[in-house]
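The values are calculated or read from the model by the stated rules, or taken from the named source; none is laboratory data. Keep in mind the model is a prediction, meaning the values are calculated, not measured. Heads up, the Cβs are rebuilt from the backbone with ideal geometry, glycines too, and the neighbour counts pull from every protein chain shown.
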Amino acid sequence: MKAKDVIVYNLELALEDGGCPLCHCLAKATKRYLANFLYESVNDPRIRDQLRAAGGFCREHAWVLQRMGDPLAHSIIYADLIDAFCAELDQTAGVKRGGPSRLAVDQERVCAVCREEAAMEDRYVDGLLGALRSGAFREKYRQTGCLCLPHFRKAYEPVRHKEAGAFLAEVQTAYLSRLSSELKEFIRKSDYRYAHELPGPERDAWIRAVRLWVGPWVSPQDVEA
């Protein structure tokens with residue numbers, strides 16, 4: 001199966017689960033990437049060089065990886081990172097005696113997993129925009145699809161993909177309108193005068209609003225690969 005076909009297939013499966021399909025696909029792809037890293041790349045000199053240059057992982061991905069286990073792999077990774085940091089510190093301290101010096105700051109380093117996620121995100125956004133040319137996919141997306149706001153901003157490109165952008169805006173607006181109505185209904189029922197009314201679908205609208213605005217709180221190890 002071609003890479004583009006795999007992406008479309010994954011997006012179709014994600015639509016069945018509800019929520020932002022891009023978030024869902026990226027979480028699964030990140031889990032596969034981390035699993036491959038632990039079991040296949042820890043002893044790869046090239047990968048270790050890249051990891052040292054990046055200064056390790058960002059906080060989020062470091063703890064995701066830790067929760068996946070493999071004490072031996074972690075021991076190899078962090079022994080290497082610690083030795084590299086000590087060497088850098090020793091070199092910096094030596095230079096500092098002769099003039100100004102500093103350690104590389106975090107902004108100069110990019111977590112390898114963050115970099116891979118960004119590349120995967122671009123591929124999935126392009127895959128989504130391409131899939132929307134299919135009538136069957138468009139109908140499925142219309143019924144169950146909605147992007148979180150960060151991914152909608154990234155996918156909504158009316159200049160490059162005018163037709164797809166208009167369709168995404170139509171579906172997104174419809175979902176936002178329903179969600180806004182449910183939030184207002186929750187507010188209304190919070191009034192003591194209507195407290196006797198049973199809660200409806202609006203009861204978790206506030207959670208869905210957070211999920212929509214910033215994306216779901218999904219850890220890669222919490223999804224199936």
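Observations
- Residue pairs whose Cβ atoms lie under 6 Å apart, sitting 6 or more positions apart in sequence or on different chains, and linking a residue in region 67-79 that is free of Cβ contacts under 8 Å to residues at least 40 places away in the same chain to a partner that is surrounded by 16 or more Cβ atoms within 10 Å (Cβ to Cβ) and in a helix (DSSP H, G or I), are 70/38; 73/38.
- Single match in 147, 128 (criterion: within 17 Å of residue 10 (Cα to Cα), at pLDDT 90 or above, in contact with a Phe, Trp or Tyr (Cβ under 9 Å, 6 or more places away or on another chain) and assigned to a loop (DSSP other than H, G, I, E, B)): 147
- Total residues in region 156-181, condition modelled with pLDDT under 90 and either in contact with a helix residue (DSSP H, G or I) (Cβ under 7 Å, 6 or more places away or on another chain) or not charged (D, E, K, R) (or both): 8
- Residues of region 150-197 satisfying the condition of being in a loop (DSSP other than H, G, I, E, B) and closer than 23 Å to residue 122 by Cβ: 156, 157, 158, 159, 160, 161
- When residues of region 1-52 are limited to those that are within 20 Å of residue 109 (Cα to Cα) and among the β-branched types (Val, Ile, Thr), the one surrounded by the most Cβ atoms within 10 Å (Cβ to Cβ): 30
- Looking across 57, 37, one residue alone is farther than 30 Å from residue 137 by Cβ, in a loop (DSSP other than H, G, I, E, B) and either of a type outside the set (A, V, I, L, M) or modelled with pLDDT under 85 (or both). It is 57.
- Residues that are farther than 19 Å from residue 40 by Cα and of a type in the set (Gly, Ala, Ser) were ranked within region 63-89; the one that is farthest from the chain's Cα centre (by Cα) is 87.
- Which listed residue is at pLDDT 85 or above and either touching a Ser or Thr at 6+ places or on another chain (Cβ under 6 Å) or not in a helix (DSSP H, G or I) (or both), from 142, 123, 133, 115: 133
- Qualifying residue in region 83-93 (condition: in a helix (DSSP H, G or I), in contact with a helix residue (DSSP H, G or I) (Cβ under 6 Å, 6 or more places away or on another chain) and modelled with pLDDT under 90): yes
- Residue within region 203-211 that is closer than 28 Å to residue 58 by Cα, touching a helix residue (DSSP H, G or I) at 6+ places or on another chain (Cβ under 7 Å), at pLDDT below 90 and part of a helix (DSSP H, G or I) present: yes
- Test result for residue 66, surrounded by 13 or more Cβ atoms within 10 Å (Cβ to Cβ), out of contact with any Pro (no Cβ under 7 Å at 6 or more places or on another chain), polar (S, T, N, Q) and at pLDDT 90 or above: yes
- If you go through region 150-167 and keep only what is closer than 14 Å to residue 11 by Cα and surrounded by fewer than 16 Cβ atoms within 10 Å (Cβ to Cβ), you end up with nothing.
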